[in-house]
Each structure stands twice: as structure tokens, then as C-alpha cells.
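The values are calculated or read from the model by the stated rules, or taken from the named source; none is laboratory data. Remember, it's a predicted structure, so these values are computed and weren't measured experimentally. Glycine also receives a Cβ, built like all others from the backbone with ideal geometry; neighbour counts cover every protein chain displayed.
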Amino acid sequence: MAKRNIPGLQFRKGVWHVDKVIDGKRVCQSLGTGDQQEAETILAQFIFESRKAKIFGVRPKRIFREAAIKYLEESENNSSIESDACHLKALDPFIGDLPLNLIHDGTLAPFIKASKYVTTVRHENGVAIETKRLRKHKSINLALSVVRRILNLCARKWRDDDNGLTWLESAPLITFLETSDERKAYPMSWKEQKALIAELPGHLASMLLFKVNTGCREQEVCKLQWDWEVEVPELNTSVFIVPAKFGGRNGKGGVKNQEDRVVVLNRVASSVIEAQRGKHPIYVFPVDGKPMHRMNNSAWDSATARAAEKLALEEGKPVNEEFFHLRVHDIKHTLGRRLRAAGVSNETRKVLLGHTNGDITTDYSAGEIGELICAVEKVCDSGVNLPTLTLLRSVKMNGHAKVTHKRKMG
């Protein structure tokens with residue numbers, strides 16, 4: 001049967017879309033159906049709801065996908081945009097077509113159930129081994145936090161132009177999963193670092209080297225800018241001052257403690273910076289002329305798996321399971337452990353790692369900068385004689401805790 005030409009409806013790739021100005025507001029979205037009669041019914045309902053809202057002050061029904069699109073458009077400059085988009089893509093099959101007032105713990109339950117497990121593939125002796133493991137609750141909670149953020153915006157900020165009503169009368173309470181299963185931080189050994197760098201693409205290897213020698217957070221590395229570099233002529237070097245607000249979530253800035261942060265460079269970090277000069281006029285670590293949204297991507301995951309497999313073959317014994325799933329955030333903990341093993345004071349470690357500290361300031365003298373550089377020079381490479389650092393893990397035996405040695409760094 002031939003499709004009739006209905007003003008405001010367009011048939012694209014087997015699905016009907018609405019593109020129509022209704023009461024002065026343009027509505028442009030997929031209707032999620034290939035049936036023309038159903039599409040016409042949905043369009044008629046859109047018009048009815050809009051006019052009812054205009055006359056009687058009733059909220060028009062909006063689906064979650066519409067709110068998700070608006071959120072992504074408003075958040076395009078946020079450092080979390082790529083991960084938020086990934087979470088929303090995973091959520092869309094479960095709640096994308098649901099009206100906003102029907103998003104709650106019950107309707108989110110199918111998404112949570114489907115997200116419980118993650119499948120990974122690794123190779124041993126040329127044989128692909130597929131393993132299924134529980135996904136950490138923290139990862140699922142990150143997706144739920146995006147839902148909560150969007151619903152709060154719908155209830156508190158976003159309003160209709162016609163009647164001034166918010167998109168949602170009130171935001172429901174979204175229950176997060178308990179995070180008792182959260183994996184502890186895993187600092188790399190020098191052997192693991194060497195193996196990983198050999199497997200990473202060049203740009204990620206440079207970013208890892210810079211991160212493990214400066215303690216920068218992932219977004220501080222991804223968005224590092226040349227304008228933040230400040231010369232220290234007395235020491236014939238430079239530092240980077242990361243501003244408190246440089247594109248964090250909801251305008252809160254990328255620096256976690258909301259203070260400008262000084263990043264000092266040891267000789268390894270300095271060599272990385274010199275190798276990056278001239279590649280981009282704004283960003284220190286560009287990829288295809290743009291800053292990366294995150295380091296922890298598929299290339300990172302593949303490289304860690306390959307590095308773990310090769311290291312296991314080289315040493316003739318299994319490597320730590322945590323190394324197979326090394327996180328970018330573990331790199332920051334690696335520097336922290338190495339600084340502590342080198343005898344660097346807790347106060348200095350806080351400054352170098354950018355931790356919250358009421359005494360932190362960016363008004364440093366050249367002498368103070370020199371002291372910070374001396375501290376971070378102690379962890380430049382594995383040739384430095386560091387005191388042995390033993391990582392301990394607590395395991396339960398017969399109901400009692402027993403401390404066991406996991407491995408040693410040094």
C-alpha cells in the first residue's frame with residue numbers, strides 16, 4: 001500500500017519520524033515505528049498533548065530519549081560527555097521510549113540485570129579463552145547516576161516555553177547498588193609498566209608515561225593545554241597550572257578539589273612534553289587534531305590484556321588478575337605508592353597527586369617548586385633504589401581475617 005504524504009511525517013530507513021512545528025515549538029524525533037497508521041496516531045497524540053498543555057497547563061508527555069538528547073547537547077563540552085553517551089546508548093533499549101514519569105527503580109531493573117556480567121576474551125598459547133565475570137557495581141551506578149542527573153534536570157531546570165512547567169513534576173529516587181564489591185586500587189610494578197607501554201599505541205604510551213610521573217588525573221592529561229604551561233627560569237624548567245574549571249561535569253571543573261593545581265615535571269615527564277611540542281597549538285596530547293575524551297578505551301583494554309599475556313609467558317607463571325583489567329586510575333595510585341616507598345612525606349605526596357589539602361596553593365617559590373621536583377625525580381625509573389613496598393591483602397579464613405603477602409614493588 002502506497003504511503004500517503006502526511007505533513008510533518010517523514011519515512012526514513014524504515015522508520016517514521018516527526019518534524020513539525022506544534023504550537024510554535026518544533027518537534028523533531030523518531031516515532032520508533034514503520035507503520036504509517038500508528039505514526040499518524042502518535043503525531044495526533046503529540047498535537048493533542050501540546051494543545052492540552054497550552055490551554056490547561058498540563059505537562060506534555062516526553063520520553064526519556066528526548067531528555068537524553070537534550071542533556072548530551074547541553075553537555076557537549078563536558079569532560080564526561082563520551083562516557084555519558086556510552087551509558088545512555090546502553091540504557092536506550094530499556095528506557096529510551098518510556099515517558100519520563102515512568103522512569104524508576106522498577107523500570108530500570110531489566111537494565112541492571114542485563115548489565116550484571118561482562119564478557120572478555122584473552123588468548124593463551126594462541127587459544128582464545130572467553131570469560132564471563134561480574135561487572136563491578138560502581139560501573140552500573142555510573143549509568144544510573146546519569147539517569148538521576150537527567151531526571152533532576154527535568155524536574156528542576158528544564159521548562160516548557162508555553163506554560164513554564166518543568167518537564168517532570170518531581171524526580172524519583174534512584175537506588176544505587178551497594179559497592180562492597182569495588183576493586184581496590186592496583187599499583188603497577190615496573191615490569192608491568194614496561195610490558196604495558198610496549199603494547200599501547202604511541203599516543204596512549206606517552207600519556208601513560210606522563211600520568212605515572214606526574215599523578216595527573218585522566219581528564220587533566222586528556223585536556224592538558226599549552227596555555228597552562230608556566231616557565232620557572234630560576235630552575236630552567238616549567239610547570240603546568242591546571243585551572244580549577246576546565247570543562248568538568250555540570251561546569252564544576254575538571255580538577256577534583258576545585259583548586260588550581262600545579263603539575264611539576266621530572267625528567268621523564270619533561271621528555272614527554274618536549275616530544276609533544278609542535279603537534280597541536282592548543283592541546284598537549286591531541287589525537288587527529290582533537291583532545292581525547294578518555295584514555296580508558298578499547299585500545300587500552302586490548303593493550304593491558306596483551307601485556308598481561310606476554311608477561312605471563314615471559315615469567316612462566318600467571319600474572320595478577322588485576323593487571324588484566326588495569327584501570328587508568330590505577331596509574332595515579334602507582335605514583336602514590338612509589339612516592340611513599342621513596343620516603344616522600346605525606347604532605348608532599350598530597351601536593352604532587354592533587355589531593356584536597358587546605359594548605360595547597362599555587363603560589364610557590366622557585367625553591368618550593370625545586371623541592372617538589374626533587375621528590376618526583378625519585379620515581380623516574382626502575383633503576384632508582386627504592387625501599388621494598390609490600391602490598392597486603394586481607395583474606396578470611398575460618399571467619400578470621402588473615403593478612404597475606406600479595407606481591408612486592410621496588
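For segment 157-210, a residue qualifies if it is closer than 30 Å to E315 by Cβ, at pLDDT below 90 and either in contact with a His (Cβ under 6 Å, 6 or more places away or on another chain) or of a type in the set (G, A, S) (or both), and the qualifying residues are D181, A185.
For segment 76-85, name all the residues that are within 19 Å of N141 (Cβ to Cβ) and not in a helix (DSSP H, G or I).
At the first step, the residues of segment 76-85 found to be within 19 Å of N141 (Cβ to Cβ) are 78-85.
Across segment 76-85, the qualifying residues are N78, S79, S80.
Pairing each residue of segment 153-167 that is within 15 Å of E74 (Cα to Cα) with any residue that is of a type in the set (V, I, T) and outside any helix (DSSP H, G or I), provided the two are 6+ apart or on different chains, yields C-beta distances under 8 Å for C154/T166; K157/T166; W158/T166; R159/T166.
Of all the listed residues (K290, K332, K310), the sole one being within 18 Å of the chain's Cα centre (by Cα), surrounded by fewer than 16 Cβ atoms within 10 Å (Cβ to Cβ) and modelled with pLDDT of 90 or more is K290.
In segment 44-71, what residues are among the hydrophobic types (A, V, I, L, M, F, W, C), within 28 Å of L91 (Cα to Cα) and modelled with pLDDT of 75 or more? Can you show your working first?
Filtering segment 44-71 down to residues among the hydrophobic types (A, V, I, L, M, F, W, C) leaves 44, 46-48, 53, 55-56, 58, 63-64, 67-69.
With within 28 Å of L91 (Cα to Cα) added as a condition, the list becomes 44, 46-47, 58, 63-64, 67-69.
Answer for segment 44-71, where residues must be among the hydrophobic types (A, V, I, L, M, F, W, C), within 28 Å of L91 (Cα to Cα) and modelled with pLDDT of 75 or more: A44, F46, I47, I63, F64, A67, A68, I69.
Restricting attention to segment 296-340, the residues that are of a type in the set (D, E) and under 11 Å from G215 (Cα atoms) total 1. Of the numbered criteria (1) buried (at least 18 other Cβ atoms within 10 Å of the Cβ); (2) outside the structural domain of L108 (by TED's automatic domain parsing); (3) of a type outside the set (S, T, N, Q); (4) in contact with a helix residue (DSSP H, G or I) (Cβ under 6 Å, 6 or more places away or on another chain), the one L177 fails is (1).
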